[in-house]
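The values are calculated or read from the model by the stated rules, or taken from the named source; none is laboratory data. A quick note: this is a predicted structure, and the numbers were derived from the prediction, not measured. When we count neighbours, we look across all protein chains shown, and the Cβ atoms used for this are built from the backbone with ideal geometry, even at glycine.
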Amino acid sequence: MYRIRLFAIRHARAFEWIYQRVERVMVALDPVFARIGYARVERPVALVERAVKTVLFDCKMCGQCVLSSTGMSCPMNCPKELRNGPCGGVRPGGFCEVRPQMRCVWALAWEGAGRMRGGDRIREVLPPLDRSLRGSSSWLRVSREKAAKLREARQAARTAVAQAFPEARRIEPATAPLAEEPASAVNREAAGR
Ligand code: SF4
């Protein structure tokens with residue numbers, strides 16, 4: 001497992017790419033998940049997530065995955081479970097103070113982040129761990145949040161346009177006239193096409 005974890009960090013860029021694609025698919029599946037019910041899909045998705053990420057990253061299913069901010073090095077493998085950088089006890093060569101045979105997960109995170117396009121995210125301070133989310137699917141939660149934000153943004157854009165035109169006509173009718181329908185469109189409509 002440890003070797004596979006190191007492999008994932010060495011190939012952090014490739015895993016970043018894969019993660020972005022998986023996330024897009026999950027976001028696109030939001031209407032399906034919503035129809036089935038997020039509570040119902042939680043268990044099967046969490047099982048798949050656990051299986052995949054345990055093999056690749058020694059995932060502990062904390063429920064708030066930060067791999068994309070930590071160079072694909074899971075911080076929950078730190079014996080102190082530090083989420084914002086290493087402690088002061090890192091040994092020479094970047095080895096762990098508690099488990100000297102293991103490289104510090106944060107030394108590895110720094111190396112992995114250097115290989116990633118979004119590697120600078122390692123500089124952002126991560127929020128404290130919410131232990132009530134332990135065992136839940138990060139994939140599902142993140143994709144659900146992103147889908148909700150996309151919906152809100154689309155709705156806001158629609159509302160803004162709908163509000164802008166009447167307002168523009170009221171203030172200065174000449175700048176927002178009602179457009180004439182092109183003759184071709186009118187003909188097509190009349191012909192039922
Ligand atoms: S950060 Fe959490 S969800 Fe992500 S691999 Fe580590 S334990 Fe698993």
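Just so you know, in the range 8-38 the residues that are touching a residue at least 24 places away in the same chain (Cβ under 8 Å) and among the aromatic types (F, W, Y) include one that is surrounded by the fewest Cβ atoms within 10 Å (Cβ to Cβ), and it is Y38.
Each residue in the range 39-69 was checked for being more than 16 Å from the ligand (Cβ to nearest atom) and surrounded by 15 or more Cβ atoms within 10 Å (Cβ to Cβ), and 1 pass.
The set of residues from the range 53-76 being in contact with a Leu (Cβ under 9 Å, 6 or more places away or on another chain) and at negative phi comprises K53, F57, C59, C62, Q64, V66, S69, T70, S73, C74, P75, M76. Filter the range 59-79 down to the residues that are part of a loop (DSSP other than H, G, I, E, B), among the polar types (S, T, N, Q) and within 15 Å of the chain's Cα centre (by Cα) and list them by number. Once the filter is applied, which keeps residues that are part of a loop (DSSP other than H, G, I, E, B), among the polar types (S, T, N, Q) and within 15 Å of the chain's Cα centre (by Cα), the range 59-79 yields Q64, T70.
Restricting to the range 127-137, give me the number of residues that are under 25 Å from W17 (Cα atoms) and at pLDDT below 95.
Going residue by residue through the range 127-137, those that are under 25 Å from W17 (Cα atoms) are 127, 135-137.
Filter once more, keeping what is at pLDDT below 95: 127.
Within the range 127-137, residues that are under 25 Å from W17 (Cα atoms) and at pLDDT below 95 number 1.
Looking only at the range 87-107, decide whether some residue is surrounded by fewer than 18 Cβ atoms within 10 Å (Cβ to Cβ), charged (D, E, K, R) and either within 13 Å of the ligand (Cβ to nearest atom) or under 16 Å from I4 (Cα atoms) (or both). Scanning the range 87-107, I find no residue that is surrounded by fewer than 18 Cβ atoms within 10 Å (Cβ to Cβ), charged (D, E, K, R) and either within 13 Å of the ligand (Cβ to nearest atom) or under 16 Å from I4 (Cα atoms) (or both), so the answer is no. Of all residues in the range 163-178, none are surrounded by 11 or more Cβ atoms within 10 Å (Cβ to Cβ), among the basic types (K, R) and modelled with pLDDT of 90 or more. For E81, the conditions (1) within 11 Å of the ligand (Cβ to nearest atom); (2) surrounded by 15 or more Cβ atoms within 10 Å (Cβ to Cβ); (3) not aliphatic (A, V, I, L, M) are fulfilled apart from (2).
Residue-by-condition table, conditions (1) at pLDDT below 95; (2) in contact with a helix residue (DSSP H, G or I) (Cβ under 9 Å, 6 or more places away or on another chain); (3) closer than 25 Å to K146 by Cα:
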| residue | (1), (2), (3) |
| --- | --- |
| R5 | no, yes, no |
| E16 | no, yes, yes |
| V41 | no, yes, yes |
| A51 | no, no, yes |
| G93 | yes, yes, no |
| C96 | no, yes, no |
| G114 | no, yes, no |
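For the range 138-145, check the following and say yes or no: at least one residue is among the charged types (D, E, K, R), away from the ligand (no atom under 14 Å from the Cβ) and closer than 25 Å to L47 by Cβ. Yes; the residues of the range 138-145 include at least one that is among the charged types (D, E, K, R), away from the ligand (no atom under 14 Å from the Cβ) and closer than 25 Å to L47 by Cβ.
Among the listed residues V90, V105, identify the single one that is in contact (Cβ under 8 Å) with a residue 12 or more places away in the chain and over 25 Å from F15 (Cα atoms). Lay out the reasoning, then the answer.
On the way: V105 fails: over 25 Å from F15 (Cα atoms).
One residue alone meets the criteria, V90.
Quick one: is E97 over 21 Å from W17 (Cβ atoms) and either touching a Lys or Arg at 6+ places or on another chain (Cβ under 8 Å) or in a helix (DSSP H, G or I) (or both)? Against the criterion (over 21 Å from W17 (Cβ atoms) and either touching a Lys or Arg at 6+ places or on another chain (Cβ under 8 Å) or in a helix (DSSP H, G or I) (or both)), E97 qualifies.
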